[in-house]
Structures are given as C-alpha cells and as structure tokens.
Amino acid sequence: MEKSTKKSGITLTLIGVFALAGCVFIYSQKSDFLANSVAVLGTVEETGSSGTGDSKTYSAILSYTDLDGNSRTSRIMGEGSVKYLDKGESVALRYTPESPDSVVIDSFWDNWGLVLILGIVGLVMLIGGVKSLKG
C-alpha cells in the first residue's frame, strides 16, 4: 500500500469518526430539548433579511401564547426554515419552560437536518477510509 493512500485512508477514517461523534452529540442534545420543551403554534409577525448574496441572514418576529396564557414575541434568525416564512403564516414552535422567550421552529429539518447530514457524511467517510486502509 502506498504511503499517500494509507494517509488518505487514515484522514477519511478520522473525519468519519469525528462527524459521527458530532452526530451522536447533537442527537443527544436535540433529543433532550425535544423531551423537555413545549410545543406551541405561533404566527409570523414580520420577516426580514440582512447581508448580500450568499451571506444573507434571515430573521422573523414570531408571536405565540405560552402554556401559562402569556402572549410572547420572539425574534429568530437563521437560514433554514426562517427564510421561507411569510408574514401571517402559522408556524410550529418549541420552547423550554425555563426560557419561554426563546423559541425554535419545530420542523423535521430544523430538528434533525444537521444530525442526518453529519451521520451520512460520517458514515460515508468512515467506510471510505476503512476500505482505503484495507487496500
């Protein structure tokens, strides 16, 4: 086996291991959050964006009522689901009882997208690295 092939195999294997470790860590964090958070329905009050081209950041101001009946407003920022929200739209949200003013969008992609990406990339890299090492 060539030295460069072995080096590439080790590099791919390490990248795969770290990606899978990140996947497990984020899965654990997200599972804990989902188990301890409250689901509510909110309304998009305002949307906006800042930046240009590929470095645009999207934001939305959301209103919702917490489980205690208090009306709340929260601003969220990001690129995922946030950029597709429209004013007046209903949106599924989650918050923890300890931080009712801090909400996140409750969608499959927002909850599990990063876990899936890291898991798939990690698995592909790990398999590729191991195959490369075996020759």
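The values are calculated or read from the model by the stated rules, or taken from the named source; none is laboratory data. As the structure is a prediction and not an experimental result, all values here were calculated from the model. Glycine also receives a Cβ, built like all others from the backbone with ideal geometry; neighbour counts cover every protein chain displayed. Heads up: the accessible areas ignore ligands, DNA and RNA and are worked out on the full protein's heavy atoms, side chains in. Shrake-Rupley method; radii C 1.70, N 1.55, O 1.52, S 1.80 Å.
Odds and ends about this structure:
- In the range 83-120, of all residues being within 25 Å of Thr57 (Cα to Cα) and β-branched (Val, Ile, Thr), the one that is surrounded by the most Cβ atoms within 10 Å (Cβ to Cβ) corresponds to Val103.
- Strands (runs of 3 or more DSSP E) contained entirely in the range 64-135, each with at least 1 residues that are touching a residue at least 40 places away in the same chain (Cβ under 8 Å) and basic (Lys, Arg): 90-96
- Qualifying residues in the range 70-82 (those that are open to solvent by less than 50 Å² (accessible area, probe 1.4 Å) and of a type in the set (A, V, I, L, M)) - the one modelled with the lowest pLDDT: Val82
- Qualifying residues in the range 22-56 (those that are in contact (Cβ under 8 Å) with a residue 12 or more places away in the chain and in a helix (DSSP H, G or I)) - the one most open to solvent (accessible area, probe 1.4 Å): Tyr27
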